[in-house]
Ligand SMILES: CC(C)(COP(=O)(O)OP(=O)(O)OC[C@H]1O[C@@H](n2cnc3c(N)ncnc32)[C@H](O)[C@@H]1OP(=O)(O)O)[C@@H](O)C(=O)NCCC(=O)NCCS
């Protein structure tokens, strides 16, 4: 997997959804993917209110700008300048794993209701996984004074509500598998599913 550390880049043009397409010609929307900035915090909070089941504090979001191993990417619809998707997660040396293994976790992934099933969730998740891989390569290389390293057998985890069958199908389509049940993780009798995937580059 190629390391791409550019803060700004454009997603390939996405075909507009059928409902938004006017006329017979194929039209495309332009969407920019970039790292989160501190000025995005309020906008992200507002976006998540209507597009994600959980809200987080400002200090939660500050970690993704300043803390090591934390990554957050936003997809911006260029004509409207609106945030239409967000992914956030962090990667760290695995504490419970054998030495040398790393653990990543997906904390938030949300796509605007009006832009679902257009491939955005998949692209953002792949970007986060790629950030994790680059982080591991950089850190291992730093620790080994630039010598070769083994990037295989690192695991990425996430927890999703058991009743969120759409999101579970999405993660399965991206190679994540059921790991264990997290009983009452989201409140009494509101269980979660821990899902995982091996990160390989
Ligand atoms: C889950 C979510 C992020 C998926 O984003 P998305 O941009 O719609 O997903 P994609 O378009 O990249 O979907 C890729 C594939 O995943 C699967 N998939 C996605 N959403 C699905 C759904 N609701 N039901 C079944 N399969 C689904 C499909 O196989 C899809 O490919 P297809 O459209 O060609 O059939 C989005 O539905 C969302 O924001 N949900 C609300 C927030 C949430 O629940 N987040 C996850 C909790 S941690």
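Answer yes or no as to whether residue 48 is under 18 Å from the mean Cα position of the chain (by Cα), surrounded by 11 or more Cβ atoms within 10 Å (Cβ to Cβ), more than 16 Å from the ligand (Cβ to nearest atom) and at pLDDT 95 or above. Spelling it out, it is not the case that residue 48 is under 18 Å from the mean Cα position of the chain (by Cα), surrounded by 11 or more Cβ atoms within 10 Å (Cβ to Cβ), more than 16 Å from the ligand (Cβ to nearest atom) and at pLDDT 95 or above.
Being buried (at least 22 other Cβ atoms within 10 Å of the Cβ), touching a strand residue (DSSP E or B) at 6+ places or on another chain (Cβ under 9 Å) and either modelled with pLDDT of 95 or more or assigned to a helix (DSSP H, G or I) (or both) is the requirement here; does residue 64 meet it?
Values: buried (at least 22 other Cβ atoms within 10 Å of the Cβ): yes; touching a strand residue (DSSP E or B) at 6+ places or on another chain (Cβ under 9 Å): yes; either modelled with pLDDT of 95 or more or assigned to a helix (DSSP H, G or I) (or both): yes.
So residue 64 passes the test.
Counting only strands (runs of 3 or more DSSP E) that sit completely within the stretch 105-201, those holding 1 or more residues that are more than 11 Å from the ligand (Cβ to nearest atom), more than 16 Å from residue 89 (Cβ to Cβ) and within 17 Å of the chain's Cα centre (by Cα) correspond to 177-182.
The values are calculated or read from the model by the stated rules, or taken from the named source; none is laboratory data. What you see is a predicted model; the values in this text were computed from it and never measured. Backbone-built Cβ (ideal geometry, glycine too); neighbour counts: all protein chains shown.
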